[in-house]
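This report refers to the structure that appears directly beneath it.
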Amino acid sequence: MRTQKALLQTGLATALLAALPASAETYFEVSGKVAGELRAFTEDAQFAGQNQDTNLSFLVEPEFFWEWNDGDDSLTFTPYLRVDENDPERTHGDIRELSWLHVGEDWELRAGIRKVFWGVTEFQHLVDVINQTDAVDDFDGEDKLGQPMINLSLVRDWGIVDLFVLPGFRERTFPGREGRLRGGVVVNTDAAEYESGDEEKHIDTAIRWSHTLGDFDIGAYWFHGTNRDPELVVRNQGGQTVLVPRYVQMDQIGFDLQATLDSWLWKVETLWRDTTKEDYFAAQAGFEYTFYGIRESSADLGVLLEYGWDERGEDATSNVQNDLFFGGRITLNDEASTELLAGMSHDLDYDSLSVVVEASRRFGDNWKASLDGRFFSADDNRDLASAFDRDDHLQLSIERYF
Amino acid sequence: MNLLTNPLNTFLITALVAVPFTAQAETAEEKGMAISVESKQRDLGWQDMQAQMNMVLRNKQGQESVREIRMKSLEIEDDGDKSLSVFDKPRDVKGTAFLSFSHPVGADDQWLYLPALKRVKRIASRNKSGPFMGSEFAYEDLSSFEVEKYTYKYLRDEACDGGTCFVVEQYPVDKNSGYTRRVVWVDQSEYRVWKIDFFDRKNSPLKTLTYHDYQEYLGKHWRPDLMKMVNHQTGKSTDLSWNSYQFKTGLSDKDFNKNSLKRAR
């Protein structure tokens, strides 16, 4: 919550409030969701402190939306709160979005706390760099923290150019001592270190070009600023060994491409990252092929194969360095939007395996339920995934939308 | 879209409409096509359109579920329409938006915006026969009508809700279509579609679509308030009602790109 105070102090929020509409023509809408989530772990925990076999968690994420000037101006406010039974670090709040959008003739200005997604692949979002991962929310890296930004977007015949100024850095969240799905040593998020003297006040910048050329969707960007992925460094605090996140400065060039050819989606993401310590390439590439109307039914079956590579090999600080991913997705296309998803990742260096199975459907018009199973097998201690080896679990989520 | 600038249609219109004596030699295939060309021709010039789409899905037991979608379309010369749809209901997909650049021949360009992830995803468009949002409407039933998408055969004249109708058989050109043929009833005074019988890939009767309560907009564009689709094989049905039609609201290309998709909501 401290971080959020800092965010508000950036003055962006003040600017937003000043931009609030006074006109009678304002459209206002509230929507959002509340959810309950139960996890049941199948094995005893690996590390001290993780005294949970089951875990209950609740979250609420409303969205307030104002629109005026015939839709040329709008304001979106999306607060987020999760309450966790066991892990105080997982009990956390965030402002996912508090932003003002102005639409011009061939440009848009977006200012405030927002979320931006870049990329095309499914198993790893390698080039997605603007927002920090909310790693305590879930371990899959899909959840992101709101990022303060000013983003000017220009629409041209030759593509869309997005210019970003990013004041205010968000630190990654990590599970606490009581949390499962964490590393062996707890990360002390209160003692984060920075390479830059400006620390979390360093102003990052980015420029991205994206375009569609026939069957190809292309994007390329340059990012200059604080690396969202921290190094975890060992520090001695009061006689105790702890891990502390250290955020270095980086320049990153990213490229993403999808070719959409009949039932095939071919995808490539690649980045080059340059820090004081090292520079390296990494890539994620693969395909998705869909069989439509399988066995004379309305159901579709999608088959996905991706490979992730990191030039640093086994020295990589990322979890993906020489990994193969395989997945299947069945969508029944029924009234309840029933979906079954299975994904498997295999680390070819460490021979570890993780399997995720997700089943979801809607009940009535406003409820949705999903049952997920996540299973890990990683015995090599040098493998970052080995910390999850005994964290196999089933997760039932019930969501109510309003 | 603009048939007059399309060489094939220019030829056809010239051959079938402008030069009456050739009509004597007109085959059932030519007459079937001429009816579709005329139908399309009469509706040209709508420029842009906005409307609200409400669907009520009913299963055999009579259980209902609701879909609410807002839609914008743009008429494009020499090509298929551009359209942007935003889902309001069911709630779990609220804010999901769909951008489509349709083409008379070949694959359409389609993107999906997923609001929870803020992600724009280019999707494969060959899934024409799949159900739209779990309804009895397939994607191909909702895409814009283009003359080039079918070959034709005129069958007969017959009384229908719109007076006297031409009954024309249409054969999809696209191999990914879920139909072997559609039998279409088009009235002879305004060239509006009143009924379509759909036949599946095995040529068995599959669905019937009926059009109700036509309204005339801007003195020439006829749109139904209600479309009812019944599936004869499953007993399920979907009622699609249209509200708040607006034409020529000044939409342009800039309302149909990835930026407008992301803020469609």
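The values are calculated or read from the model by the stated rules, or taken from the named source; none is laboratory data. Please read these numbers as outputs of a predicted model, since none were measured by experiment. Glycine gets a Cβ as well: all are built from the backbone with ideal geometry, and neighbour counts include every protein chain shown. For accessibility, only protein heavy atoms count, side chains too; no ligands or nucleic acids. Shrake-Rupley method; radii C 1.70, N 1.55, O 1.52, S 1.80 Å.
All but one of (1) modelled with pLDDT of 95 or more; (2) more than 26 Å from B:L44 (Cβ to Cβ); (3) over 18 Å from the mean Cα position of the chain (by Cα) hold for B:R263; state the number of the condition that does not hold.
Checking B:R263 against (1) modelled with pLDDT of 95 or more; (2) more than 26 Å from B:L44 (Cβ to Cβ); (3) over 18 Å from the mean Cα position of the chain (by Cα), the one that fails is (1).
For A:D347, state whether it is open to solvent by less than 30 Å² (accessible area, probe 1.4 Å), under 20 Å from A:Q284 (Cβ atoms) and in contact with a His (Cβ under 7 Å, 6 or more places away or on another chain).
no
Identify the single condition in (1) closer than 22 Å to B:G62 by Cα; (2) without any contact (Cβ under 8 Å) to a residue 24 or more places away in the chain; (3) open to solvent by less than 40 Å² (accessible area, probe 1.4 Å) that B:K228 does not satisfy, given that it satisfies every other one.
Status for B:K228: all satisfied but (3).
Among the listed residues B:E146, B:E169, which satisfies the condition of being in contact (Cβ under 8 Å) with a residue 60 or more places away in the chain, in contact with a His (Cβ under 9 Å, 6 or more places away or on another chain) and over 16 Å from B:K228 (Cα atoms)?
B:E146
Under the condition of being open to solvent by 40 Å² or more (accessible area, probe 1.4 Å), within 20 Å of A:A35 (Cα to Cα) and of a type in the set (A, V, I, L, M, F, W, C), which residue from segment A:360-384 is nearest to the other protein chains (Cβ to nearest Cβ)?
Here the residue is A:W367.
Can you tell me which residue in segment A:17-28 is modelled with the lowest pLDDT, limited to those that are in contact with a strand residue (DSSP E or B) (Cβ under 7 Å, 6 or more places away or on another chain), exposed (fewer than 13 other Cβ atoms within 10 Å of the Cβ) and of a type outside the set (F, W, Y)?
Residue satisfying both the conditions and the ranking: A:S23.
Please count how many residues of segment A:50-82 are small (G, A, S) and surrounded by fewer than 20 Cβ atoms within 10 Å (Cβ to Cβ).
Of the residues in segment A:50-82, 1 are small (G, A, S) and surrounded by fewer than 20 Cβ atoms within 10 Å (Cβ to Cβ).
Can you list the strands (runs of 3 or more DSSP E) found entirely within segment A:196-257 that contain at least 1 residues being open to solvent by 80 Å² or more (accessible area, probe 1.4 Å) and at pLDDT below 95?
The qualifying strands (runs of 3 or more DSSP E) are A:231-237, A:240-247.
Do you know which of the residues in segment B:26-80 that are among the aliphatic types (A, V, I, L, M) and assigned to a helix (DSSP H, G or I) is surrounded by the most Cβ atoms within 10 Å (Cβ to Cβ)? Break it down into steps so the answer makes sense when it comes.
Taking segment B:26-80 first, the residues among the aliphatic types (A, V, I, L, M) are B:28, B:33-35, B:37, B:44, B:49, B:51, B:53, B:55-57, B:66, B:69, B:71, B:74, B:76.
Restricting the remaining residues to those that are assigned to a helix (DSSP H, G or I) gives B:28, B:33-35, B:37.
On the way: B:A28: 14, B:M33: 23, B:A34: 21, B:I35: 21, B:V37: 20.
Once the filter is applied, the top-ranked residue is B:M33.
Given the conditions (1) open to solvent by 30 Å² or more (accessible area, probe 1.4 Å); (2) more than 14 Å from chain B (Cβ to nearest Cβ); (3) modelled with pLDDT of 95 or more; (4) more than 30 Å from A:N51 (Cα to Cα), and given that A:E306 satisfies all but one, which numbered condition is not satisfied?
Looking at each condition in turn, A:E306 falls short on (1).
Could you please give the count of residues in segment B:81-114 that are among the aliphatic types (A, V, I, L, M) and open to solvent by 20 Å² or more (accessible area, probe 1.4 Å)?
Counting residues in segment B:81-114 that are among the aliphatic types (A, V, I, L, M) and open to solvent by 20 Å² or more (accessible area, probe 1.4 Å) gives 5.
With the structure loaded, tell me whether A:E85 is open to solvent by 20 Å² or more (accessible area, probe 1.4 Å), at negative phi and under 19 Å from the mean Cα position of the chain (by Cα) or whether it fails that test.
Working: open to solvent by 20 Å² or more (accessible area, probe 1.4 Å): yes; at negative phi: yes; under 19 Å from the mean Cα position of the chain (by Cα): no.
No: the conditions fail for A:E85.
Could you tell me whether B:E140 is more than 11 Å from chain A (Cβ to nearest Cβ), modelled with pLDDT under 95, closer than 19 Å to A:T290 by Cα and under 21 Å from the mean Cα position of the chain (by Cα)?
Against the criterion (more than 11 Å from chain A (Cβ to nearest Cβ), modelled with pLDDT under 95, closer than 19 Å to A:T290 by Cα and under 21 Å from the mean Cα position of the chain (by Cα)), B:E140 qualifies.
Which of the following residues is touching a strand residue (DSSP E or B) at 6+ places or on another chain (Cβ under 7 Å), touching a residue at least 24 places away in the same chain (Cβ under 8 Å), within 13 Å of another protein chain (Cβ to nearest Cβ) and not small (G, A, S): B:R91, B:R67?
Numbers: B:R91 fails: touching a residue at least 24 places away in the same chain (Cβ under 8 Å).
Exactly one residue qualifies, and that residue is B:R67.
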